[in-house]
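Heads up, the thing below is written out as structure tokens.
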Amino acid sequence: CRVFRQPAGHALLVGVGGSGRQSLTRLAAGIGDFLLFGIEITKNYDRNAWFEDLKTVFKKAGCENRRTVFLFTDSQIVMETMLEDLNNVLNTGSVPNLFPADEVMQILDAVNSRAKAAGRNQTPTDTFEFFIDECKKNLHMVICMSPIGSGLRDRLRSFPSLVNCCTIDWFFAWPEDGLIAVARQSLTNMGLEADVTEKVIDQCMQFQVQAQTLTKRYFAEAKKHNYVTPTSYLELITTFKSLLNVKKEQVGGAKQRYEIGLAKILSCAENVAIMEEELTALGPVLVVKTKEVEDLIVVLDKESADAALVKEKVEKEAAAAKIEADSTNEMKTQCEAELAEALPALDAALSALKSLTKGDITEMKSMKTPPVGVKLVMEGVCILFEVKPIKVPAPDGKGKIDDYWDPSKKLLGNPNFIHTLFDFDKDNIPPSAIEKIKKYVAMPEFQPAAVQKQSSAATGICKWVRAMEVYDRVAKVVEPKRLSLAKAEADLTVMMGELKEKQDALQAVLDKIAKLEADFKAANDEKVSLANQVDMCQKKLVRAGKLISGLGGERARWTENVATLGEELINTTGDVLVSSALVAYLGVFSSEYRTDYVSEAITEVKLKGIPGSAVVSLEKVLGNPVQIRDWNLAGLPRDSLSTDNAIIMSKSRRWPLLIDPQGQANKWIRNMESANQMGVYKLSQSDFVRNIETCVQYGRPVLLENVGETIDSILEPLLTKSIYKSGGSMVVNIGDNAVEYHESFKLYLTTKLPSPHYAPEVSTKVVLINFTITQLGLTDQLLGITVEVERNDLEQERVRLVVQNAGFKKQLAEIEDKILKMLSEAGGDILEDEDLINT
């Protein structure tokens, strides 16, 4: 940050790869809100691409007036002329002839307003110099170089601005207090006890120092190079964090499953005597209950037969009652329909009567010579009330005729005349009166419409007279039917009463049968339950015998495993810590150096009081026996060094670079990944980038053979696993292309160089693993070749037996895991789980 605050402040960071040069630069740029710019090397990166990158960074700093940090590392030096250009930038702030004329004009337009404000736009040259000054002010170069070899010395002599114009910062190995601080930051909240955590933190620092000492010894004795960087230390911490909890859960889970399995076996043995007593007690109870059920069946059969007869008789009577009820209902419906003809007319007449007033009656009574319609209406009323007419002379003078008007006036003079009409006994009209009324009803002058024209008051009385005739006519037809209906309903009521009594009697019988059936079901269910208990008890005894005989031999071994796993669980912290150091630091070393380092590490762990085993084997702590057998079948040598190498390769977060002068690792990887369509390529192939892109996209493994001491920078995003999310999928940049990254992708690198010297920049991006053949491995291979030549049949039989034995061991392990899993997941009585017992 101090360098960036200075105008034209530049930095030369000298240190081995993985020492934190780039990380520190990114942190400082982020703190100061600087734009961080870096170039991406592709396969076809040339001087033109370099110039385009320089133009971009100059435009950011000069035209856009953005404070910019240009991060450049010596691994990105494709051409030495790039350093000459950087030397010019450091010295003069520009690169000669970088911008053609057309781009210069664009730059002048972009900075013209700021140049004018500063009084620097008198001439184009003046304005361009303002652009260069802005670049000097805003652009800060950070050049990272490694002190390894003579490259730094030669470049400093050739390009003095690297020294004269840069603040030089040397990155040495992290001090012990720095190592402790980093470890404390990462390991504090891991769930370990406070005192154990402090001891582990201190031991991590000791591992780093011990690895640096071993590296010096390795170079002094074997003349082979190795570098222990802060990246190696971070790998140690990360590996320990990721493996510790996994290992604890694995060991604790296995111990718990063995304990549950043992508890189930012991419980099963204890329950055998109890089940035998239970079986003896259940036998007599089952006999008694069976006899009760048989007696109930006899009673139930007799009662059911009697009830069937009663039910049949009642059903016949119910059918007859239904027929009678249907007939009665039909008669009732017919009567109601015929009455419906008269009732509306009667209701209309009564409604018309209600509308009459005393004034209407007085009006009719006061008529001296009433109209014909009025006279006819009142004559009808008189006939219905059986009021006799008086004799008066005929209009033609010949004799006398009946006249009803004077009697009518007497009726109309009655104050309760209207009520008399309402209370008229319409059900007992004399037949003689009806016969006379019929003649009036047939007259046109007696129609309500005709009477309406003569007197509205008489109209209502006319309707009443006509309604009485209709009602009488209908009532005479309906009355007999009503009498018959009444008799039929009375008979039906008696019949339904008798039927109800019989149905109640039947229901009592059915209720009794239902109770018997319920008693029978309860007794039978109890009998079945007892039988099932007896059967289950017998089956449990058989299953218990199977379980005890089948797993009795495992009891001793499981007990021993519980004790072993308990001790292993206690020692997990120290064992995983030592194993993590082996994974982080020792892949490149040969067997004797690894043994010395591990022995010293175990001693220090014990001295610090960290729980751990007296002997730590990577195969025992992190290995999977089934997986190791599969590796051996694929061609991995059976010596401990090769097994440790394979485990380091599988547990490391970085892709492996295998030092494999004899080609045994190459052969093993080919066999192991043959089923996954692995691609095998060389960096010298012209199309290797395209092939790798295809494998990355489709998740196929890649084996890069014959890697030299340098690795093409185009692979750097893959080696560093610079994967990011874009458009909903994970992608990685390979050259100029962003390739979708498949999670199943794997990358293996091998070299045939026996003593390669990989720069720290390479060794921090991969995990170096020394697969140089050991004496034991060579003996095993020579023996195999000899037997194959001399006795090919024996070699084939050996291979067959090895494969078969591995299959049997794998199957046994799977069966044991399945048994323990089922025992641990079984709830309640395991003897009820037939699948578990059979397994």
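The values are calculated or read from the model by the stated rules, or taken from the named source; none is laboratory data. A quick note: this is a predicted structure, and the numbers were derived from the prediction, not measured. No Cβ is skipped: glycine too gets one built from the backbone with ideal geometry, and neighbour counts run over all protein chains shown. What goes into the accessible areas is simple: the full protein's heavy atoms, side chains included, and nothing from ligands, DNA or RNA. Shrake-Rupley method; radii C 1.70, N 1.55, O 1.52, S 1.80 Å.
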(request) Mind listing just one residue for me: the one in the range 397-422 that is of a type in the set (S, T, N, Q) and open to solvent by less than 70 Å² (accessible area, probe 1.4 Å) and, of those, nearest to Asp472 (Cα to Cα)? (result) Thr420
(request) Considering (1) open to solvent by 50 Å² or more (accessible area, probe 1.4 Å); (2) more than 46 Å from the chain's Cα centre (by Cα); (3) within 27 Å of Gly252 (Cβ to Cβ), say which one Glu604 fails and leave the rest. (result) (1)
(message) Criterion first (touching a residue at least 12 places away in the same chain (Cβ under 8 Å), within 20 Å of Val3 (Cα to Cα), open to solvent by less than 60 Å² (accessible area, probe 1.4 Å) and in contact with a helix residue (DSSP H, G or I) (Cβ under 6 Å, 6 or more places away or on another chain)) does Leu162 satisfy it?
(response) yes
(request) Sort out which residues of the range 218-232 are within 22 Å of Thr595 (Cβ to Cβ), open to solvent by less than 60 Å² (accessible area, probe 1.4 Å) and assigned to a helix (DSSP H, G or I), and write them in order of number. (result) Tyr218, Ala222, Ser232
(message) For the range 120-150, give me each residue that is open to solvent by less than 50 Å² (accessible area, probe 1.4 Å), assigned to a helix (DSSP H, G or I) and of a type in the set (S, T, N, Q).
(response) Thr127, Asn138
(request) Those residues that are within 19 Å of Glu705 (Cα to Cα), surrounded by 22 or more Cβ atoms within 10 Å (Cβ to Cβ) and in contact with a Phe, Trp or Tyr (Cβ under 6 Å, 6 or more places away or on another chain), I need them from the range 738-765; list them, please. (result) Ser763
(request) For Val680, indicate whether it is crowded, with 21+ Cβ neighbours inside 10 Å and within 30 Å of Asp74 (Cα to Cα). (result) no
(request) Would you mind finding the one in Lys388, Lys409 that is over 19 Å from Thr459 (Cα atoms) and either part of a helix (DSSP H, G or I) or at pLDDT 80 or above (or both)? (result) Lys388
(request) Consider only pairs whose beta carbons are under 6 Å apart and that are at least six residues apart or on different chains; among these, list those whose first residue lies in the range 427-447 and is more than 19 Å from Asp402 (Cβ to Cβ) and whose second residue is modelled with pLDDT under 85 and surrounded by 17 or more Cβ atoms within 10 Å (Cβ to Cβ). (result) Ile429/Asp472
(message) I need the full set of residues from the range 632-670 which are buried (at least 22 other Cβ atoms within 10 Å of the Cβ) and part of a loop (DSSP other than H, G, I, E, B), in order please.
(response) Leu636, Pro637, Asp660
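To keep it simple, each residue is scored yes or no on (1) under 23 Å from Lys368 (Cβ atoms); (2) touching a Leu at 6+ places or on another chain (Cβ under 8 Å).
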position: Pro407; (1), (2): yes, no
position: Leu411; (1), (2): yes, no
position: Asn416; (1), (2): no, no
position: Lys426; (1), (2): no, yes
position: Glu435; (1), (2): no, no
position: Val441; (1), (2): no, no
position: Ala450; (1), (2): yes, no
position: Ser455; (1), (2): yes, no
position: Ile461; (1), (2): yes, yes
(request) Taking Pro96 as the residue in question, decide whether it is more than 57 Å from the chain's Cα centre (by Cα) and either open to solvent by 30 Å² or more (accessible area, probe 1.4 Å) or of a type in the set (Asp, Glu) (or both). (result) yes
(request) Filter the range 607-619 for residues that are loosely packed, with under 15 Cβ neighbours inside 10 Å and in contact (Cβ under 8 Å) with a residue 24 or more places away in the chain and give the result. (result) Gly609
(message) Kindly evaluate Leu214 against the criterion of being under 30 Å from Lys137 (Cβ atoms) and assigned to a helix (DSSP H, G or I).
(response) no
(message) Restricting to the range 31-45, and then to whatever is over 18 Å from Cys135 (Cα atoms) and open to solvent by 70 Å² or more (accessible area, probe 1.4 Å), can you tell me which residue is farthest from the chain's Cα centre (by Cα)?
(response) Asn44
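Quick grid of which residues meet (1) open to solvent by 40 Å² or more (accessible area, probe 1.4 Å); (2) under 14 Å from Ile361 (Cα atoms); (3) assigned to a helix (DSSP H, G or I); (4) touching a Pro at 6+ places or on another chain (Cβ under 8 Å):
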{"position": "Lys375", "(1), (2), (3), (4)": "yes, yes, yes, no"}
{"position": "Cys382", "(1), (2), (3), (4)": "no, no, yes, yes"}
{"position": "Pro395", "(1), (2), (3), (4)": "yes, no, no, no"}
{"position": "Phe424", "(1), (2), (3), (4)": "no, no, no, no"}
{"position": "Glu435", "(1), (2), (3), (4)": "yes, no, yes, no"}
{"position": "Tyr440", "(1), (2), (3), (4)": "no, no, yes, no"}
{"position": "Ala449", "(1), (2), (3), (4)": "yes, no, yes, no"}
{"position": "Trp464", "(1), (2), (3), (4)": "no, no, yes, no"}
{"position": "Ala467", "(1), (2), (3), (4)": "no, no, yes, no"}
(request) Those residues that are charged (D, E, K, R) and part of a loop (DSSP other than H, G, I, E, B), I need them from the range 725-742; list them, please. (result) Asp736
(request) Hey, can you tell me all the residues within the range 686-707 that are modelled with pLDDT under 90, outside any helix (DSSP H, G or I) and open to solvent by less than 60 Å² (accessible area, probe 1.4 Å)? (result) Asp687
(message) Condition first: at pLDDT 85 or above and small (Gly, Ala, Ser). Now tell me which residues in the range 169-200 satisfy that.
(response) Gly178, Ala181, Ala183, Ser186, Ala194
(request) Just name the residue that is least open to solvent (accessible area, probe 1.4 Å) out of those in the range 789-804 that are within 21 Å of Asp630 (Cβ to Cβ) and of a type in the set (Asp, Glu). (result) Glu795
(message) Among the residues that make up the range 83-93, is at least one of them surrounded by fewer than 17 Cβ atoms within 10 Å (Cβ to Cβ), modelled with pLDDT under 90 and over 57 Å from the mean Cα position of the chain (by Cα)?
(response) yes
(request) Kindly provide the set of residues from the range 708-737 that are surrounded by fewer than 16 Cβ atoms within 10 Å (Cβ to Cβ), over 23 Å from Pro661 (Cα atoms) and not β-branched (Val, Ile, Thr), ordered by number. (result) Lys721, Ser722, Tyr724, Lys725, Ser726, Gly727, Gly728, Ser729, Met730, Asp736, Asn737
(message) I'd like to know if the range 771-794 contains one or more residues that are closer than 30 Å to Asp74 by Cα, of a type in the set (A, V, I, L, M, F, W, C), at pLDDT 70 or above and in contact with a Gly (Cβ under 7 Å, 6 or more places away or on another chain).
(response) no
